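Data block below; observations after.
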Amino acid sequence: MCPEGEAARSIGISKGRIVAVESADAHLTATRELEFDEAVVVLPGLVDSHVHVCEPGNTEWEGFASATRAAAAGGITTLVDMPLDSVPTTVSVDALEVKQKAAGGQCHVDVGFWGGAIPGNLDEMAPLRDHGVLGFKCFLVDSGSAEFPPLDAGQMERAVRAARDVDAPLLVHAESEEAAAGMEPVHGRKYADYLASRPRGIENLAVAQVVEAARRTGGHAHIVHLSSSDALPMIASARRDGVHVTAESCPHYLSLCSDEIPDGATAFKCSPPIREADNRELLWDGLKDRVLDLIVSDHSPCTVAMKEIESGDFGSAWGGITSIQLSLPVVWTQARARGLSLRDLATWMSERPAALAGLGQKGKIAPGFDADFCIFAPDESFDVDVRKLLHRNQLTPYASRTLTGVVRSTLLRGELVDFQEPRGRLLAHRAALAARTMA
């Protein structure tokens, strides 16, 4: 899968980088060759820029070893870890160093880190950037973690400006605390009650606040896990005005719908929630129209007990979807049914997430890029067996579903991932790397 689309090619690799992409009959010299049959496509390794690893502190939810094995099994060669759900949260240089130490020697794919923006830590953002974070993440609503409180709209605007000053994006969980505060708490097994407790308006108001903050500051604001299709015209209008705002959605919003979620099925709970079928189709339109930029997992794991499987209480259950190993086939199953291409998939799930994170060496099959590949059989199908999932807690809303597209193998810098020897590297943005080299 080259930038120009599907084509038979020979790929030359040296020292983990792509050095040539030539016609299939080109005579490239090599000490070792890998050949693949016509049933597979070589995709650029996927880049998942929205993953909650949870280590250190909550490693029973997920850890670097298990998360990166699952990522590699799903064709992902680079992930970027979110700053919360670990202890400590990544809101200071000291905390970043604790997380980097925890990740060291455990990762089967390359791993980068987002820093956090919370009330009172704006002065930490520049030092965090200097120490290699790829950007920053904040919430506008309760994150569920006392160590990661939300920003109000004014604080968020100041955070966009601070991120702009260090040439980084600010990623925003766009649900409005003010609007959410007026909703009655939900209890019980009815998914419809949970959905009603987080209506589209909570998202729409927050997206408007994010857009205007980016407009006033000239910074790059990125809306994470968009679920409300109502917000798409706002984003499109802002883009036409030259506002630097981007947005992502997730496999669960693009494949699932509220009408199909049984009562008590808390494996489906996430925030923002999975919405109606017509909303899902409009999100696909947003991708086709390039209003939505990319697709990432928002892998947000927890223990089985935290999902309240026995009680089925949507009010008490942890809100998060575990799906990192399945993102590619979930999205491909839906994209293929809508007549979309593998080239589209590579754009949404590799090229653009890499660009968001500033990873200029990732996301394409082209000379100069890392030799990261997903060997993908797009016509094969399989039934999801939770016992074969490699993330720490084998719980997913996709259990027993039939999906199209099988990841045959994954290569990191030209070497097959063997799931035994961790060969992933910890990534930092280019300016921090250059400063370290000069030092």
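The values are calculated or read from the model by the stated rules, or taken from the named source; none is laboratory data. Bear in mind the structure is a predicted one, so any value in this text is a computation, not a measurement. Here Cβ is always computed from backbone atoms with ideal geometry, including for glycine, and neighbour counts include all displayed protein chains.
Looking for whichever is under 24 Å from H50 (Cα atoms), assigned to a helix (DSSP H, G or I) and within 23 Å of the chain's Cα centre (by Cα) here; the options are A180, A208. Which one fits?
A208
Given the criteria among the hydroxyl-bearing types (S, T, Y), assigned to a helix (DSSP H, G or I) and on the phi < 0 side of the Ramachandran plot, does S409 qualify?
So S409 does not fit the description; no.
Condition first: of a type in the set (G, A, S), closer than 27 Å to L426 by Cα, modelled with pLDDT of 90 or more and buried (at least 17 other Cβ atoms within 10 Å of the Cβ). Can you find one or more residues in segment 32-47 that meet it?
Yes, some residue in segment 32-47 is of a type in the set (G, A, S), closer than 27 Å to L426 by Cα, modelled with pLDDT of 90 or more and buried (at least 17 other Cβ atoms within 10 Å of the Cβ).
Which residue pairs have Cβ atoms closer than 6 Å, lie 6 or more positions apart in sequence or on different chains, and pair a first residue in segment 123-134 that is among the hydrophobic types (A, V, I, L, M, F, W, C) with a second residue that is modelled with pLDDT under 95?
If the second residue must be modelled with pLDDT under 95, the pairs left are L134/H429.
Looking at segment 370-391, which of its residues are touching a Lys or Arg at 6+ places or on another chain (Cβ under 8 Å), of a type in the set (A, V, I, L, M, F, W, C) and buried (at least 21 other Cβ atoms within 10 Å of the Cβ)?
A371, F376
Test R200 against the criterion of being within 24 Å of D142 (Cβ to Cβ), at pLDDT 95 or above and of a type in the set (D, E, K, R), and give yes or no.
yes
Which of the residues belonging to segment 350-361 are under 17 Å from L294 (Cβ atoms) and in contact with an Asp or Glu (Cβ under 6 Å, 6 or more places away or on another chain)?
R352
Filter segment 126-144 down to the residues that are charged (D, E, K, R) and in contact with a strand residue (DSSP E or B) (Cβ under 9 Å, 6 or more places away or on another chain), then identify the one that is nearest to L96 (Cα to Cα).
Looking at residues that are charged (D, E, K, R) and in contact with a strand residue (DSSP E or B) (Cβ under 9 Å, 6 or more places away or on another chain), I get R129.
Examine segment 380-387 for a residue that is more than 28 Å from A267 (Cβ to Cβ), aliphatic (A, V, I, L, M), over 18 Å from the mean Cα position of the chain (by Cα) and not in a helix (DSSP H, G or I), and state whether such a residue exists.
No, every residue in segment 380-387 fails to be more than 28 Å from A267 (Cβ to Cβ), aliphatic (A, V, I, L, M), over 18 Å from the mean Cα position of the chain (by Cα) and not in a helix (DSSP H, G or I).
Could you please give the count of residues in segment 377-389 that are touching a strand residue (DSSP E or B) at 6+ places or on another chain (Cβ under 8 Å) and within 21 Å of R423 (Cα to Cα)?
0
Working only within segment 407-426, note down all residues that are aliphatic (A, V, I, L, M) and surrounded by 19 or more Cβ atoms within 10 Å (Cβ to Cβ).
V407, L411, L412, V417
On the basis of being part of a helix (DSSP H, G or I) and within 20 Å of the chain's Cα centre (by Cα), does I202 make the cut?
When the stated conditions are applied, I202 does not pass them.
For residues that are in contact with a helix residue (DSSP H, G or I) (Cβ under 9 Å, 6 or more places away or on another chain), farther than 12 Å from H173 by Cα and surrounded by fewer than 22 Cβ atoms within 10 Å (Cβ to Cβ), tally how many sit in segment 192-204.
Total satisfying the criteria: 6.
Do the conditions hold for E175, that is, is it under 23 Å from S228 (Cβ atoms), assigned to a helix (DSSP H, G or I), of a type in the set (D, E) and modelled with pLDDT of 95 or more?
Against the criterion (under 23 Å from S228 (Cβ atoms), assigned to a helix (DSSP H, G or I), of a type in the set (D, E) and modelled with pLDDT of 95 or more), E175 does not qualify.
Of all residues in segment 393-411, how many are modelled with pLDDT under 95 and not polar (S, T, N, Q)?
1
For S145, indicate whether it is under 20 Å from the mean Cα position of the chain (by Cα), under 30 Å from G264 (Cα atoms) and either surrounded by fewer than 17 Cβ atoms within 10 Å (Cβ to Cβ) or at pLDDT below 95 (or both).
In short, yes.
Kindly evaluate E33 against the criterion of being touching a residue at least 40 places away in the same chain (Cβ under 8 Å), farther than 18 Å from V406 by Cβ and part of a loop (DSSP other than H, G, I, E, B).
no
For segment 341-358, give me each residue that is surrounded by fewer than 22 Cβ atoms within 10 Å (Cβ to Cβ) and part of a loop (DSSP other than H, G, I, E, B).
Those that are surrounded by fewer than 22 Cβ atoms within 10 Å (Cβ to Cβ) and part of a loop (DSSP other than H, G, I, E, B): S341, G358.
Please specify each residue of segment 399-410 satisfying the condition of being closer than 12 Å to T333 by Cα and among the hydroxyl-bearing types (S, T, Y).
T402, T404
Looking only at segment 61-83, count every residue that is more than 22 Å from V330 (Cβ to Cβ) and buried (at least 24 other Cβ atoms within 10 Å of the Cβ) and tell me the total.
Going through segment 61-83 one residue at a time, the tally reaches 2.
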